[in-house]
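Right, one structure below, let's go through it.
What follows is calculated from the coordinates using simple rules that are stated; it is not laboratory data. The model shown is predicted, which means the values in this text are computed figures rather than measured ones. With ideal geometry, Cβ positions are generated from the backbone for all residues, glycine too; neighbour counts draw on all protein chains shown.
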Amino acid sequence: MNIAANIADELETAADEGGIVHALFADAPVSVSFNKLRKRLLRHIRQAFVDFGMLRGQQRWLIGLSGGKDSYGLLALLLDLQWRGLLPVELIACNLDQGQPNFPKHILPDYLTRIGVKHRIEYRDTYSIVKEKVPEGATYCSLCSRLRRGNLYRIAKEEGCDALVLGHHREDILETFFMNFFHGGRLASMPAKLLNDEGNLMVLRPLAYCAEDDMAKFAAAMQFPIIPCDLCGSQDGLQRNAMKDMLADIERRMPGRKDTMLRALAHVNPSHLLDPKLFDFAGLMAGQTAPKSS
């Protein structure tokens, strides 16, 4: 039996007898379609755990919670797995209040308290820094993301966590790849597992195989109290939006291409690219055994 089948069996049997569900799902739709969606997302997360060794030595995770659909969904699905005994780590949710105007400060702490999740709300006015440093007409995302990430690294260490867990999904990974491809001149994306520069904190993206459309459906069904971003969400013409539109158009014309692209990122053949740092083209001589294609 393959790994995916094993994971599916675990999800079917773990804590499902008698229709028992985590309290977080008490008001969720009772339907075949929602149950299939939830289990599909859980299966994708479990597959990412296996493929990228996300559970090796991990004991305490800091979950970055922005108030958007993806981070809410990530937290709910991880809590579900933890409750089923399939995620043996402690979870702490963290929201970084970046000082954005009209940010509803009560929503996240009220929600996290209601569902009984340990959490930390941190205030850092990175909004003012971004507005000051970024020229008018330029996009805020890059600087905003770096400032947010630096603070989350610090908080994770202060909380004794060995991993920072983020809610980036399949589309985020593909969009980042094409942004680097078209605008950065390099083949790179968001890794599902990354060690920080200091070598003492893992960054994990368990939603790497999860489709954004599935996450949106899940968030709508769960009725999460979504908080929109008034900083980058107010900007038009972002490069990422262009990549999102391009991928959506490709998927409309050729259904299934997003999954194919994601699989391509996991099957790299350095000898068929142009990077001499990854493959010794200069040392390749006639008479040698040709490298096998991956």
³J(HN,Hα), Karplus 6.51/-1.76/1.60, whole Hz, each residue of the range 152-164, x for Gly, Pro: 5, 4, 4, 5, 4, 5, 4, 8, x, 8, 9, 8, 9
Label point distance in nm, D213-M285, each placed 7 Å from Cα along Cα→Cβ: 5.4 nm
Where a label projected 7 Å from the Cα of E90 along Cα→Cβ would reach, residues of the range 65-81 with amide N under 18 Å: 79
Over 20 Å (Cα to Cα) - which of K193/K217; K39/K69; K69/K217 fall in this group: K193/K217
Most to least packed among 243-256, 84-97 [average Cβ atoms within 10 Å]: 84-97, 243-256
Protection proxy ranking of 260-266, 66-72 - average other beta-carbon atoms within 10 Å, highest first: 66-72, 260-266
